[in-house]
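To keep things clear, I will list the structure first and then write my remarks on it.
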Amino acid sequence: MQNAALIFLLAVAPAFAQRPADAARVDVDATDAPRRLIHVHLTLPAAPGPLTLLYPKWIPGEHGPTGPIADLVNLRFNAGGQQVAWKRDNVDLFAFHVTVPAGAKALDAAFDFISPPDAGGFSSGSSMTPDIAVLSWNQFVLYPQGVPADQLRYQARLKLPPGWQYGTALPVARSRNAELEFRAVSLVTLIDSPVLSGTHFKNIDLGTFDGAPHYLHIAADEDRQIAETADWVERQKKLLAEAGALFGVRHYSSYHFLLALSDFVANFGLEHHESSDDRLPARTFTDQAALDLNADMLSHEYVHSWNGKYRRPEGLVFGNYNEPMLGDLLWVYEGLTEYLGDVLATRAGLGSPERFHDWIARDAALIEQAPGRKWRTLEDTAVSAQILYDSRDDYSSYRRGVDFYPEGALLWFDVDTLIRQQSHGARSLDDFCKAFFGGTGGEPGVKPYTRANLVAALAAVQPYDWETFFAQRVDSLGSHTPREGLTNAGWKLVFTDRRTPFWTAAEDDRKIAEMPFSLGITVKNDGGVKDVAMGSPAQKAGVTPGSTITFVDGHAFSLEGLREAVASATSADDPIELTAKNAGTVKTFTIEYHGGEKYPRLERDASKPDLIDAIIKPRVKP
Ligand SMILES: [Zn+2]
């Protein structure tokens, strides 16, 4: 990796005995992965004397101190046949102090890693089932304090359960059966190259684009879950071509999508330079609604290879994994990725134009009504990323969540339509992407940027006061709603009593009814009230998040019954009555609401040209 910001860190790094040529050895025995246990043995070059070893704490792409330190167990150190005592740092719980004995040239470390059973969270959430293991190297290494991570070299070996297959961007030196030996790489490359493995497995060659081979590796809990993918694979190839047309240059030598299909591993996506760790529900390829809902998942993580990995906000360029990362520009890192991920997925045919419309409508409506925008800026959601990813669902729009994704995406939709409007259709955000994310390409690199760099790059594409534009939308309180992109694009946000297919799929996926714009509640299929919108009829009547609705208008609770009660109250004078259990009490709430169901969708404004159509049109000829 080329990493300009690390030069400064080298100057202050204390002397350490490890010569860059000395690779540490990491042996990972994953044969017990089906039991969610990984056995790790490390051999670290070392010189006699005090040494502090760190367990990675800040995991790139997770934007928080999410290293699973609590799951590192049975830690032991040895040198020259002698056991070496260790002591955890009193303040930094990710640091271990040891004294390497006289005469020793290396330090052996051994520990086990316990992979959790809960399906929530990110890479430190559930990653192993009896048939799948997603192996993230940050969970299996210790590294010496004081040396930049890209100066440290590790050679990894991995033993998988017999018969298991694998996919990874980490270069393999040799393999025999399920035993792999990888080429020595920097710690940065190692941690950036997870391994997907499993028994029900499919390797698909997606083809070579601009000289770089692309692969899709799929692991599932059952073969039938990966059976029918041919049509989708063709669209995935179109995504690779469309990304090439958008960015011009690829900053990798090969690319691997590592797709796990399971309801028993955490479902999320995590970006890397040359691969992505993509985890979707088991039914993805057997349920069209689930496939449509997640149509942008792989494209989002893929876009990160350019936006986030190659071009990276200065505050997210790291010297090691234990210094805090700064999230203030995540509305670019994640917001622009969210926008481009959906644009590219639609251009590639992975998502339909209707899905694109419905996605914009949903995000625009939810963001616009969020009362939290009156006290918390968009930038503050980015700065607070590490506490917001885990924030609860109750009063969510009052608190605000990781809004730098949806509001960030809408902000970049605004930028795109504004460039198109100002340049009379001559230029678009595509021109910015080609200029900002360009370069030599061919291999991973990091080119940091500041907000000033971003503003200058936009001004070079389209002269405009971008500094004020962002100041008003990123640093100010709710003054600019993210509707401008829609207006520019020739569309209007409207509310009707019909759910869009996208809205319905998002509800079905979470087994909820989401009614923030009508009654003002989000309810689970067991009656549990996930959220109540501030100022809504339900909130004014006293319904509380965390309570459980037992009866609706005197009938036992069901999601359908709740929708029916809201719909029929439009023609009735009687209020809606909800009986709910809250802690140890039961109460009936009377809600005077007769507005019916309300869901957002887009409606065309025929007086203006349709810019969405121009944005999502494929650029690559079939
Ligand atoms: Zn992302």
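Checking I226 against (1) modelled with pLDDT of 95 or more; (2) buried (at least 16 other Cβ atoms within 10 Å of the Cβ); (3) of a type in the set (A, V, I, L, M), only one condition comes out false. Which one? That leaves (1) as the condition not met.
For the residues A459, A409, the requirement of being surrounded by fewer than 20 Cβ atoms within 10 Å (Cβ to Cβ) and either in contact with a helix residue (DSSP H, G or I) (Cβ under 7 Å, 6 or more places away or on another chain) or part of a helix (DSSP H, G or I) (or both) singles out A459.
For segment 418-427, the condition of being of a type in the set (A, V, I, L, M, F, W, C) and within 16 Å of the ligand (Cβ to nearest atom) holds for none of the residues. Number of residues in segment 93-119 that are exposed (fewer than 14 other Cβ atoms within 10 Å of the Cβ) and closer than 17 Å to P65 by Cβ equals 1.
So that you can scan it fast, the table gives a plain yes or no per residue for (1) in a loop (DSSP other than H, G, I, E, B); (2) away from the ligand (no atom under 11 Å from the Cβ); (3) in contact with a Pro (Cβ under 7 Å, 6 or more places away or on another chain); (4) within 19 Å of F437 (Cα to Cα):
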residue: Y302; (1), (2), (3), (4): no, no, no, yes
residue: G315; (1), (2), (3), (4): no, yes, no, yes
residue: P324; (1), (2), (3), (4): yes, yes, no, no
residue: V332; (1), (2), (3), (4): no, yes, yes, yes
residue: T337; (1), (2), (3), (4): no, no, no, yes
residue: L340; (1), (2), (3), (4): no, no, no, yes
residue: G351; (1), (2), (3), (4): yes, yes, no, no
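So that you can scan it fast, the table gives a plain yes or no per residue for (1) under 18 Å from the mean Cα position of the chain (by Cα); (2) surrounded by fewer than 24 Cβ atoms within 10 Å (Cβ to Cβ):
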residue	(1), (2)
G341	yes, no
E354	no, yes
W359	yes, no
K374	no, yes
T377	no, yes
T381	yes, no
S384	yes, yes
I387	yes, yes
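The set of residues in segment 412-456 that are among the acidic types (D, E) and either assigned to a helix (DSSP H, G or I) or under 19 Å from P482 (Cβ atoms) (or both) comprises D414, D416, D430, D431.
Set side by side, the residues L246, L291, L258, L239 differ, and just one is touching a residue at least 40 places away in the same chain (Cβ under 8 Å), assigned to a strand (DSSP E or B) and not β-branched (V, I, T), which is L258. Residue count for segment 571-585 satisfying the condition of being without any contact (Cβ under 8 Å) to a residue 40 or more places away in the chain and surrounded by 13 or more Cβ atoms within 10 Å (Cβ to Cβ): 5. Based on what the data block shows, is A282 more than 12 Å from the chain's Cα centre (by Cα), away from the ligand (no atom under 16 Å from the Cβ) and more than 23 Å from P117 (Cα to Cα)? No: the conditions fail for A282. Inspection of segment 532-542 identifies at least one residue that is part of a loop (DSSP other than H, G, I, E, B), farther than 21 Å from R499 by Cβ and touching a helix residue (DSSP H, G or I) at 6+ places or on another chain (Cβ under 9 Å). Within segment 494-506, the set of residues being buried (at least 19 other Cβ atoms within 10 Å of the Cβ) and either outside any loop (DSSP other than H, G, I, E, B) or at pLDDT below 95 (or both) comprises F502, W503, A505. If the condition is being among the charged types (D, E, K, R), under 23 Å from L366 (Cβ atoms) and touching a Pro at 6+ places or on another chain (Cβ under 7 Å), then segment 552-608 contributes no residue at all.
Please work out which residue is farthest from the ligand (Cβ to nearest atom), limiting yourself to segment 46-65 and to residues that are crowded, with 20+ Cβ neighbours inside 10 Å and in a strand (DSSP E or B). By that ranking, first place goes to L51.
Looking only at segment 468-483, which residues are assigned to a helix (DSSP H, G or I) and under 26 Å from the mean Cα position of the chain (by Cα)?
Within segment 468-483, F470, A471, R473, V474 qualify.
Would you check if there is a residue in segment 374-392 being within 25 Å of I615 (Cα to Cα), outside any helix (DSSP H, G or I) and either modelled with pLDDT of 95 or more or more than 16 Å from the ligand (Cβ to nearest atom) (or both)?
No, segment 374-392 contains no residue that is within 25 Å of I615 (Cα to Cα), outside any helix (DSSP H, G or I) and either modelled with pLDDT of 95 or more or more than 16 Å from the ligand (Cβ to nearest atom) (or both).
Residues in segment 89-107 that are part of a strand (DSSP E or B) and under 25 Å from V188 (Cβ atoms) were compared, and the one that is farthest from the ligand (Cβ to nearest atom) is V100.
Here's a check for you: in segment 393-408, which residue that is touching a residue at least 60 places away in the same chain (Cβ under 8 Å) and within 16 Å of the ligand (Cβ to nearest atom) is nearest to F502 (Cα to Cα)?
Quick first cut of segment 393-408, residues touching a residue at least 60 places away in the same chain (Cβ under 8 Å) only: 393-398, 402, 404-408.
Of the ones still in play, those that are also within 16 Å of the ligand (Cβ to nearest atom) are 402, 404-408.
Details: V402: 20, F404: 21, Y405: 17, P406: 15, E407: 18, G408: 20 Å.
Of everything passing the filter in segment 393-408, P406 is nearest to F502 (Cα to Cα).
Listed by first and then second residue, the pairs linking a residue in segment 154-180 that is at positive phi and buried (at least 16 other Cβ atoms within 10 Å of the Cβ) to a residue that is aromatic (F, W, Y) and at pLDDT 95 or above, with Cβ atoms under 6 Å apart and 6 or more places separating them unless they lie on different chains, form an empty list.
The condition of being within 16 Å of the chain's Cα centre (by Cα), over 30 Å from T496 (Cα atoms) and β-branched (V, I, T) holds for only one of V303, V317, that being V303. Between V73, V28, the distinction of being crowded, with 21+ Cβ neighbours inside 10 Å, outside any helix (DSSP H, G or I), of a type in the set (V, I, T) and under 28 Å from the mean Cα position of the chain (by Cα) belongs to V28 only.
The values are calculated or read from the model by the stated rules, or taken from the named source; none is laboratory data. Model, not experiment: these values are computed from the prediction. Cβ coordinates were reconstructed from backbone atoms using ideal geometry, including for glycine residues, and neighbour counts include every protein chain displayed.
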